[in-house]
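The values are calculated or read from the model by the stated rules, or taken from the named source; none is laboratory data. Everything numeric in this text was worked out from a predicted model, so none of it was measured. Here the Cβ is made from the backbone with ideal geometry for all residues, glycine too, and neighbour counts use every protein chain on show.
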Amino acid sequence: MTDVPDAAGYPGARGPERTRAIVSHGIRLAVHEWGERDAPPLVLAHGGFDFARTFDVFAPMLAEAGWRIVAWDQRGHGDSQHAALYSWEADLRDVVAVVDSVSRDPLPIVGHSKGGGITVQFASALPHRVSHLVNLDGLPSRRSMPDVPDHERTKLMADELGTWLDFRRNVVGRSRRPGTIDELAERRGRMNPRLSREWLRYLVTVGGRRDADGWRWKIDPALRMGGFGPWRAQWAMARLPGLSMPLLAVLGLQPETMSSGTQPADIEPSLPPGARIVGLEDTGHFVHIEQPRRVAELVLDFLGTPA
Amino acid sequence: MTRPEATVTVLHSRIELALHRLRDGDGAPLLHLHGLGERSPTAVPGHLAGWPGPIWALDFTGHGASGMPVGGGYFCELLMADVDAALAHLGPTILYGRGLGAYVALLTAGARPDLVRGAILDDGPGLKGGGPEPTTPYVLPEPLETPGPPDPYALFELSHDVRPADYATTYARLAATLSGLDVALAVCAQVRPPWLAAVAAEPGVREIDRSGALALFAAP
């Protein structure tokens with residue numbers, strides 16, 4: 001374990017107390033921890049194109065309540081190794097590796113966005129490893145699918161496929177565009193329009209690195225937003241009713257660029273017995289960043305006393 | 001006209017792919033795509049000997065003489081981009097796919113209708129994938145031993161990838177409408193998993209035997 005210095009610069013933000021490396025199927029992953037080493041563990045899973053240190057405000061709040069918070073940078077993200085290939089299944093295996101490095105006993109897991117989707121699948125595949133599951137705006141529903149006519153969808157698909165293949169042809173030797181902290185914050189703000197410029201600037205300092213020609217996001221330039229594939233929202237939804245552990249779902253009800261658009265009524269029919277669902281008004285996709293205190297209180301209340 | 005087999009290396013992201021020239025010839029090239037766990041043949045298979053043009057064969061990522069990634073992460077659209085890397089070298093090409101290679105040929109025909117001038121979908125390993133819906137999720141508890149190609153992660157991941165019929169037909173429609181070909185896809189496979197049964201029923205798709213399919217796409 002190596003100590004990571006706090007990166008000052010955002011009110012309430014605190015870097016992890018410890019960072020360590022594990023190897024998952026040959027790929028080195030950076031695992032970050034907040035709170036006492038011997039406190040009961042609580043695992044956090046970040047969303048796509050994020051990294052563990054996007055929890056720098058949220059995680060300390062949970063740690064102060066007596067939890068050992070464990071978050072990792074997904075492969076290709078943050079300080080984890082860049083891989084030749086990326087897939088949902090590979091990410092799912094990495095969850096196993098991270099959880100194995102913490103405990104063999106069931107433990108609570110909180111996942112945001114894509115991290116929420118992956119941890120629902122983890123809990124579905126390995127129910128004996130999860131005591132409680134919290135999903136932060138990571139339950140896409142049918143509603144998130146664009147409502148466009150078939151021929152229009154075909155056109156969109158053709159464009160997307162061609163663009164993606166062109167991108168794959170030119171991945172080799174590619175690097176992220178350098179810039180000042182302000183420029184990187186501005187670019188990220190286009191995808192995260194509800195997050196403050198101050199927070200985005202802070203993210204650059206912990207999720208970027210400073211090269212001779214400027215700051216660059218650490219994320220692998222081979223990763224690209226958007227995509228296509230046979231995936232269906234209803235398949236993810238079909239995993240919910242059978243979940244055996246207590247479930248808390250927190251939805252950001254304010255539609256925005258990255259949000260799933262899921263409303264409570266979309267998931268209520270699929271919830272397992274006893275599940276809690278909380279919709280936050282005037283809150284976008286990044287519920288734990290827009291309202292860290294409120295969401296931390298919801299999570300702590302749901303989990304009860306650390307034990 | 002026949003020269004010894006030669007292998008060209010094409011790069012797809014960080015993986016070096018082996019693209020084998022099996023035979024020279026005049027006209028459009030035919031590109032052989034192997035099935036799951038297979039590798040490219042070292043000589044022109046008898047059932048393709050009637051093709052008048054050059055014949056090439058591609059080893060997918062993690063197969064044959066192509067590079068093997070660390071830690072898996074395979075999906076069929078990725079193999080489609082393998083084929084696209086070969087198309088960047090070959091130009092307009094007719095695809096012949098076996099099993100997994102047939103599904104990947106379909107995807108590529110839909111995504112690159114200007115470069116794929118016909119695709120032949122034949123039987124072979126990995127034709128079915130994981131079926132039209134996800135199976136019960138399973139996560140590998142321990143890393144797989146990777147003694148050499150084929151990559152066991154490829155065998156594991158590509159044996160249960162989901163192939164919904166309406167996803168496959170989207171690619172068939174892209175191929176049929178954007179390639180400008182009267183027949184964009186030829187289905188030779190005897191086995192018809194749901195994705196292939198749906199594709200076979202689409203406009204612009206012909207159910208035909210192998211020699212008929214070769215003749216269809218060889219015609220100028």
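May I ask you to list the residues in the stretch B:16-33 that are crowded, with 20+ Cβ neighbours inside 10 Å and within 14 Å of chain A (Cβ to nearest Cβ)? B:Leu17 - this is the single residue of the stretch B:16-33 that is crowded, with 20+ Cβ neighbours inside 10 Å and within 14 Å of chain A (Cβ to nearest Cβ). Taking (1) modelled with pLDDT of 95 or more; (2) closer than 19 Å to A:Pro140 by Cα in turn, A:Gly227 satisfies each apart from (1).
In the set A:Ala30, A:Ala39, A:Ala83, only one residue is closer than 26 Å to A:Arg187 by Cα, out of contact with any helix residue (DSSP H, G or I) (no Cβ under 6 Å at 6 or more places or on another chain), touching a residue at least 60 places away in the same chain (Cβ under 8 Å) and not in a helix (DSSP H, G or I); that residue is A:Ala83.
Condition first: surrounded by 15 or more Cβ atoms within 10 Å (Cβ to Cβ), more than 17 Å from the chain's Cα centre (by Cα) and either hydrophobic (A, V, I, L, M, F, W, C) or not in a helix (DSSP H, G or I) (or both). Now tell me which residues in the stretch A:168-193 satisfy that. Across the stretch A:168-193, the qualifying residues are A:Val171, A:Arg176, A:Pro178, A:Gly179, A:Ile181, A:Leu184, A:Ala185. Among the residues of the stretch B:110-125, none qualifies, meaning not one is part of a loop (DSSP other than H, G, I, E, B) and touching a His at 6+ places or on another chain (Cβ under 7 Å). As a summary of the residue check, B:Ala88 satisfies the conditions (1) within 14 Å of chain A (Cβ to nearest Cβ); (2) surrounded by 18 or more Cβ atoms within 10 Å (Cβ to Cβ) except for the one numbered (2).
Annotation: of all residues in the stretch A:84-128 being touching a Pro at 6+ places or on another chain (Cβ under 7 Å) and not small (Gly, Ala, Ser), the one that is nearest to the other protein chains (Cβ to nearest Cβ) is A:Leu85.
The condition of being surrounded by 17 or more Cβ atoms within 10 Å (Cβ to Cβ), basic (Lys, Arg) and in a helix (DSSP H, G or I) holds for only one of B:Arg173, B:Arg163, that being B:Arg173. Of the residues examined, B:Tyr74 is one that is in contact (Cβ under 8 Å) with a residue 60 or more places away in the chain, more than 22 Å from A:Lys155 (Cβ to Cβ) and facing chain A (nearest Cβ under 8 Å).
When restricted to residues that are surrounded by 15 or more Cβ atoms within 10 Å (Cβ to Cβ) and not in a loop (DSSP other than H, G, I, E, B), the stretch A:280-293 contains 6. For the stretch A:65-77, residues that are in contact with a strand residue (DSSP E or B) (Cβ under 6 Å, 6 or more places away or on another chain) and assigned to a loop (DSSP other than H, G, I, E, B) total 3.
Could you tell me whether the stretch B:126-137 includes any residue that is under 13 Å from the mean Cα position of the chain (by Cα), closer than 17 Å to B:His63 by Cβ and either surrounded by 19 or more Cβ atoms within 10 Å (Cβ to Cβ) or away from chain A (no Cβ under 14 Å) (or both)?
The answer is yes, given that some residue of the stretch B:126-137 is under 13 Å from the mean Cα position of the chain (by Cα), closer than 17 Å to B:His63 by Cβ and either surrounded by 19 or more Cβ atoms within 10 Å (Cβ to Cβ) or away from chain A (no Cβ under 14 Å) (or both).
Residues of the stretch B:208-220 that are over 21 Å from B:Arg112 (Cβ atoms) and buried (at least 16 other Cβ atoms within 10 Å of the Cβ): B:Ile208, B:Arg210.
The residues listed here are A:Arg210, A:Arg216; of these, the one that is in contact (Cβ under 8 Å) with a residue 40 or more places away in the chain, part of a strand (DSSP E or B) and under 24 Å from A:Gly15 (Cβ atoms) is A:Arg216.
Quick check: anything in the stretch A:237-248 surrounded by fewer than 15 Cβ atoms within 10 Å (Cβ to Cβ), in contact with a Pro (Cβ under 6 Å, 6 or more places away or on another chain) and more than 18 Å from A:His112 (Cα to Cα)? Spell out how you get there, then give the answer.
Step one: filter the stretch A:237-248 for residues surrounded by fewer than 15 Cβ atoms within 10 Å (Cβ to Cβ), giving A:238, A:241-242, A:244.
Now drop any that are not in contact with a Pro (Cβ under 6 Å, 6 or more places away or on another chain), which leaves A:241, A:244.
Remaining after also requiring more than 18 Å from A:His112 (Cα to Cα): A:241, A:244.
The answer is yes; a qualifying residue exists.
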